[in-house]
Amino acid sequence: MEPRLTVITLGVEDVDRSLAFYRDGLGFPVLERFGEFICFELNGFALALYPREAHAEGANLDPETTGTGDVSLAHNVRTREEVDELVAEAEAAGATITEPPGETDWGGYSAYFTDPDGHCWEIAAGAELFEQFI
C-alpha cells in the first residue's frame, strides 16, 4: 500500500453544528456537500464530516462502541504566536481548550483543544520533523 492520506472523516452528532465550527469558526473552505456529508479542502487532503451513526454503520461497526479514541489531529505552525492565535480562534469558535499553550517536553510549544464532538486537535510550533508539511 502506498503511504498516503487522502481523507479523514469525523463522525459527528450534529452536522450543522460541526459545519459552523469548522467553516465559520475556523475558516476551513468547503470543498463539497452531499446531504449530510461535508468535505473541507485542506493542504493535500480532505477533512470530512458525516453523522456518527451513519459513519459507524458504513464501516459495519456498532455506533454505541465507537468514539474518538486516543487520536489527535495536529496542525503545525511556524511560531508560538501562531499557536496562541489559532487556539484563541478555536476557543472563540466553540472549542474546549484541554491544554493551554505552553512549553513542551520535546522543546516545542503547543496546545490542545476539542471540537464540539470531542475530536482532539493539537496546535504546535517547533517540531522540526513536521516543518516540511507547513
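The values are calculated or read from the model by the stated rules, or taken from the named source; none is laboratory data. These numbers were taken from a predicted model, which means no experiment stands behind them. Here the Cβ is made from the backbone with ideal geometry for all residues, glycine too, and neighbour counts use every protein chain on show.
Pick out the one residue from 37, 21, 28 that is under 26 Å from residue 125 (Cα atoms), free of Cβ contacts under 8 Å to residues at least 60 places away in the same chain and surrounded by 14 or more Cβ atoms within 10 Å (Cβ to Cβ).
When all the criteria are applied, what remains is 28.
Matching residues to (1) among the charged types (D, E, K, R); (2) within 25 Å of residue 89 (Cα to Cα); (3) in contact with a strand residue (DSSP E or B) (Cβ under 9 Å, 6 or more places away or on another chain):
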residue: 10; (1), (2), (3): no, yes, yes
residue: 27; (1), (2), (3): no, yes, no
residue: 37; (1), (2), (3): no, yes, yes
residue: 42; (1), (2), (3): no, yes, yes
residue: 54; (1), (2), (3): no, no, yes
residue: 61; (1), (2), (3): no, no, no
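Which condition number in (1) over 27 Å from residue 128 (Cα atoms); (2) assigned by TED's automatic domain parsing to the domain that holds residue 123; (3) among the hydroxyl-bearing types (Ser, Thr, Tyr) is the one that residue 66 fails?
Here residue 66 clears every test but (2).
So which residues in segment 72-98 are out of contact with any strand residue (DSSP E or B) (no Cβ under 7 Å at 6 or more places or on another chain) and either under 12 Å from residue 123 (Cβ atoms) or surrounded by fewer than 14 Cβ atoms within 10 Å (Cβ to Cβ) (or both)?
81, 85, 88, 89, 92 - these are the residues of segment 72-98 that are out of contact with any strand residue (DSSP E or B) (no Cβ under 7 Å at 6 or more places or on another chain) and either under 12 Å from residue 123 (Cβ atoms) or surrounded by fewer than 14 Cβ atoms within 10 Å (Cβ to Cβ) (or both).
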